[in-house]
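The values are calculated or read from the model by the stated rules, or taken from the named source; none is laboratory data. Quantities reported herein were computed from a predicted structural model and do not represent experimental measurements. No Cβ is skipped: glycine too gets one built from the backbone with ideal geometry, and neighbour counts run over all protein chains shown. Calculation scope for accessible area: heavy atoms of the full protein, side chains included, ligands and nucleic acids excluded. Shrake-Rupley method; radii C 1.70, N 1.55, O 1.52, S 1.80 Å.
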Amino acid sequence: MFPLFSKSKKTIYTAAIIGCGRIGYSLGQDKKREQPASHTAALAENPQIKLIAGCDSDLSRAEEWHSANYPLPAYMNTANLFARHKPDIVTVAVNEDNHLKVALEAINARPKLLILEKPVALNVKDALKIKMMSEKENVPILVNHERRFAEDYALARLYMKKIGEIQSIHALLSSSLKVYDKKEENTGEYSLIHDGTHLVDIVMYLLEELEGQKAQTSHVTGLLSRAQNTLHKPILHDPIVTGIYRDEKDCVRNLTALYQVSSCPLVSISLSGRSKYFGFDIDIRGTEGRICIGNGYLTIYKNAESTLYTGFKSLTPDASVKTPDKTLYFSNMVQNAVDFLDGKSELKSTLQNGIDALRVLEEIKSFC
């Protein structure tokens, strides 16, 4: 007789999602995007997760989610959701201006893990309130800084060790959205916080191993007192901010923040709100090579004998590097959540990472 259950049987975790808008649900229907591209799709495809409910304060979105995921229930407020369900995982994918309120409600329900969309809050003050509550209720938080989970960025990070000493990192976000608008402080409707969060966080992710701060940023929860954490400085701090351009409504449309860290003499973070396209580009230059990575591309160059000039060396694409066909950014994020709950892995994107990104953005914003 075989046992009814194998000792290696995998644990199934229940999950609920709060916020059934773009990142929560509808981007999962975008045929141009790498899928899964939404929290709903990523949770539903993981074999160790059982999606049990959705929630959105907008009736039409709640009904659409329910219809697409029938017979799963969709609620219009978290009180009804948590009165009927006790999910192991709660995903908060609401607009930035509701992050604090909804995150605290979710933490109060004491799930085993909270997945929180970036930015973790509108500001550091609110983010620290979330942190304080999460520590009080012992609810760990995984932040969806999606590029930390992407295969292409993991490869770029690994290859940084092969291009000699890092000379510069230039990161550029291009869009038509204003970079900063003081009148939108309560909504976060400007690119500095909306997409700038991703730009700042991925640069710090790339720098973490070089700076020897990986352990600190990964384990800071519980190791630093609240007073120490309040004073904690991220890898990027004390910038020189230049290139500020304002439009006729006094909204910032361009800026560049310059940094120098021990492992790289020049780090630049540039945001453009005057572009007619969306671009996310990072250029890493070392003494022996170069890495160019962004949305939809990764090109790695190595130092080789020049085909153009006798006696010189030039950069040429490294044909030995196989770039990933898919980045798996959303699938890997959810798998990290499962592995964490299984006790197999640490969280790869912590609440402290999210707070660090906000600190950098607030320091830049102080120049605006």
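Points to keep in mind about this one:
- Positive-end residue of V102, S168, P71, charge dipole of the range 67-177 with Cβ unit charges: V102
- Aspartates and glutamates with Cα under 16 Å of K32, excluding same-chain neighbours fewer than 8 positions away: D325
- Of the trypsin sites (Lys or Arg not before Pro) found in the range 265-333, those that fall in a DSSP loop while having at most 15 other beta-carbon atoms within 10 Å are R274, K276, K322, K326.
- When the surface is traced with a 1.4 Å probe over the full set of protein chains, L298 keeps roughly 30 Å² accessible.
- Measuring with a 1.4 angstrom probe and ignoring ligands and nucleic acids, S306 comes out at about 20 Å² accessible.
- Between the range 125-159 and the range 26-69, the Cα center-to-center distance that results, in Å: 21
- Spatially near lysine pairs across the range 70-171, Cα under 26 Å, sequence gap of 8 or more or different chains: 20
- Annotation note: GluC sites (Glu not before Pro) in the range 12-81 located in DSSP loop regions with a Cβ neighbour count of at most 16 within 10 Å are E34.
- DSSP-loop GluC sites (Glu not before Pro) across the range 282-368, with at most 16 other Cβ within 10 angstrom: E288, E346
- Prolate/oblate/rounded call for the range 7-79, Cα gyration tensor, a/c under 1.5 rounded: oblate
- Spin-label model, T316 to E184: label points 7 Å out along the Cα-to-beta-carbon direction sit 4.6 nm apart.
- With at most 13 neighbouring Cβ atoms within 10 Å, loop chymotrypsin sites (Phe, Trp or Tyr not before Pro) (DSSP) excluded, longest segment of the chain: 6-276
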